[in-house]
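Computed from the coordinates by the stated procedures, all read-outs in this text should not be read as laboratory data. From a predicted model like this one, the values you see are computed outputs, not experimental measurements. Note that each Cβ is placed from the backbone with ideal geometry, even for glycine, and that neighbours are counted across all protein chains shown.
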Amino acid sequence: MLTIMKKTSILLLTACLALLSCSKKEGAAPGGKTTLGSVPSGVTSGQSFVYWDPADATTAYNAFNTACYNPTAKLYYGTTQKTGLAAIWTQAIFWDMAMDVYTRTKATADMTRITDMYTGGSNQYAAYNWNNTTVWFIYDDMMWWINALARAYKITNNAAYLTNATAGFDRVWAGSYDSVGGGMFWDFNHTGKNSCINFPTVIAAMRLYNITGNSAYLTKAQSIYTWAKANLTNTTTGQVYDNKIGSNPPGGTDYTYNSGTAIGAAYALYKQSGNSAYLSDATRYADYVKNNMCNAQGILPAEGDFNEQGTMKAIFADYIMQLINDGKQTQYLSWILTNVDTGWANRDPARNLTYRNYAVACPTGYIQTYEACSLVSFMQQYQGVVFYQNTLYGGTSSGIIPKGNYTISQLQTMGFVNDWASSATVPPGWTVTMYKDDNYLGQSWVINADTPHFPNLTPTANDLVTSVKIQ
């Protein structure tokens, strides 16, 4: 939610609000598509950024932090000029990115950034006092943070994160949910029901259900998703509308973050239920973005003409990559890889900063943090093998390990522990050869799909793996 959209702007006429997203609009080409530049000549998939190179992912994140992070506030500046802090809701998205990085690396320094940003948010935003309506004055701002807090709890087991997430969810539900008409209002004055509150509410409810086992969260997630699908999407094409104002039909500009959270909401319900209808919804939303919101080369829209919309694709990145990596919907991988290749090729080479418009060169002057973040988010979420301490993908996990050959010393830099693994997830089409001893010696086992029980391999591989080859 834009910081300029203070309480006074909430009093705008309903007719005007029908034209607004949760964020400022930008100019669009006829048909609602954002005007883009052309893909630079000579840039092709896999040319400059080969299949999610971890070194480049680290380079991009470090460059983003050098240019945009405020180590004193433990939050992000709004621009590379480092004058004021970025908008409240975008800080939650940047915190999500820090979690993506830690999930990839399992590095102590990356865990420290997670805890630091929680402290920064507490210091800046009324210690997560959701009843402070000066700081927390729009429901979707709150829900972005609630989602991040729930995710942070899963990563850290810090009880304070869960306490704040549940309190925030209860606060938003009590004020936003329409018990008569269904759905969630985005603002305190109940002027409209937007995708930017409804689909994130489903995701947050599912995260809290998975953490607590409280079925009330599942019921709420199912209820809001059913309403949002019927009222905020085109169930034939997969278009996700920005808003619904009163009895008017849904409308507004197509935005990637709305499609992303719709994907995330549908996939969360699919993962819990196994109901393939939810997975079909998720892929339909993804197909719409790919087929209707990109330019002729498949490059995602450049959202964010010097406003907070530059953050939108960072949200889309989380949920499309979840659909690809966790949901095994790899039909989208080459499309996303083309975007990553193109955006990274067009980075500012002096600073290694990337830009909201992947199809043009990153400006060499100052840019907004919002504009610089989304490609970095994509780059943290490459495909790879993940090993787990317990069977059924339980316990602590390794980082994301890309294709390559790894001795124990190399694996340990990615969070792997010797004689420890009991299960693993494997991307489709990949083959993992695991060895009992270091340097690819001793008993070996070959797996080429998700493997929930190493004790069931013949002979057992449970707590025995020391080195691996991933192809």
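Give, in nm to one decimal, the length gained when the segment between residue 170 and residue 82 is fully stretched (0.36 nm per residue of separation minus the Cα-Cα distance).
Length gained between residue 170 and residue 82: 28.2 nm.
Residue-wise, which Karplus ³J(HN,Hα) couplings in Hz belong to the stretch 160-165, taking 6.51 cos²θ - 1.76 cosθ + 1.60, θ = phi - 60°, and x for glycine or proline?
5, 5, 5, 4, 5, 5
Using only Cα atoms, tell me the angle between helix 108-124 and the longest principal axis of the chain; keep it within 0 to 90° and round to the nearest 10.
In the chain, helix 108-124 runs at an angle near 20 degrees to the longest axis.
What angle do you read, to the nearest 10 degrees and between 0 and 90, between the alpha-carbon axis of helix 276-292 and the longest principal axis of the chain?
That helix lies at roughly 70 degrees to the long axis.
Report the relative contact order of the stretch 386-470, percent, no decimals, based on alpha-carbon pairs under 8 angstrom and at least 6 residues apart.
34
For a footprinting-style exposure proxy, rank 69, 270 by other Cβ within 10 Å, fewest first.
In order of increasing Cβ crowding within 10 Å: 270, 69.
Using Cβ contacts closer than 10 Å as the measure, can you line up 100, 437, 110, 305 from fewest to most?
437, 305, 110, 100
Which ³J(HN,Hα) values, rounded to whole Hz and listed in residue order, are derived for the stretch 407-415 from phi using the Karplus coefficients 6.51, -1.76 and 1.60 in 6.51 cos²θ - 1.76 cosθ + 1.60 with θ = phi - 60°, glycine and proline given as x?
7, 5, 5, 6, 5, 5, 6, 10, x
So, R0 is 51 Å and r is the distance between the beta-carbons of residue 436 and residue 214; what FRET efficiency does that work out to, to 0.05?
According to the calculation, E is roughly 0.75.
On a 0 to 90° scale, report how tilted helix 256-273 is relative to the longest principal axis of the chain, with both axes built from alpha carbons and the result rounded to the nearest 10.
That works out to roughly 60 degrees.
So for the chain, what are the equivalent ellipsoid semi-axes in whole Å, largest first, each being the square root of 5 times an eigenvalue of the Cα gyration tensor?
They are 35, 25, 22 Å, listed from largest to smallest.
Computed FRET efficiency, Cβ-Cβ of residue 390 and residue 364, R0 45 Å: what is it to the nearest 0.05?
0.40
Run the numbers for residue 188 and residue 448: contour at 0.36 nm per residue of separation, minus the present Cα-Cα distance, in nm.
Computed gain between residue 188 and residue 448 is 88.5 nm.
Taking 56 Å as R0, compute the FRET efficiency from the Cβ-Cβ separation of residue 328 and residue 135 and round it to 0.05.
With a Förster radius of 56 Å, E is 0.90.
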